[in-house]
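Report on the structure given below.
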């Protein structure tokens, strides 16, 4: 699964057929398309180009329209994007959910879990809102966790507009997709964390670095905190922790045992 994750991070346009070919012909693995389809589903992967993918919503859930096309994003908390990514570990795997403010590239929250369920997603976005206030729009993909009544119902209770990527269009959520590439190459692949708790502790340090010290060319070589906190309450300017970190500490600790289980 690590080889799939690394290749997908490098080339997110790869769907199941091309990934299967890569594993067989380039790496010498004995695999078939059905197994790769199953692993794509477990890992929550989908090719960025339109086409078949395994991150599908529940057929009973309403799919909200994509609201960001042509939109000029001019301030913090105007648009947040969120997504879930698979995290390979020394033994097993975990899932990471992060929420990024599009204007500033500031990661307003994140958490890790060994399952992808709606309650986890609701708790994560709730902590972000409790800490940073209510955004105007939250953009997600069409995964079942985000189309669930629990998740969309919570957003609507806060009068937040819901935007969802077009089917098969991962580039509609491009800012969080870029975040996955960055965090994996700068932290995950370099550390090969052993447990969920180790991963959680490592990500606290990394996201503090990402927000407070890492400069981004897309925002004029400023740091996300420089941009985000300029428009926020001055009392938050020295904050070093990501808002969801404390609330998910117990969850990460409890998930650590699950993370040590052999992956499929």
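The figures follow:
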quantity: C-alpha center-to-center spacing [region 118-166, region 209-233] in angstrom; calculated: 24
quantity: DSSP bridge orientation in region 61-185 - percent antiparallel, rounded to nearest 5; calculated: 70
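Taken together, the values in this text are just the output of simple stated rules run on the coordinates, not laboratory data. Note that this is a predicted model, so its numbers are computed, not measured.
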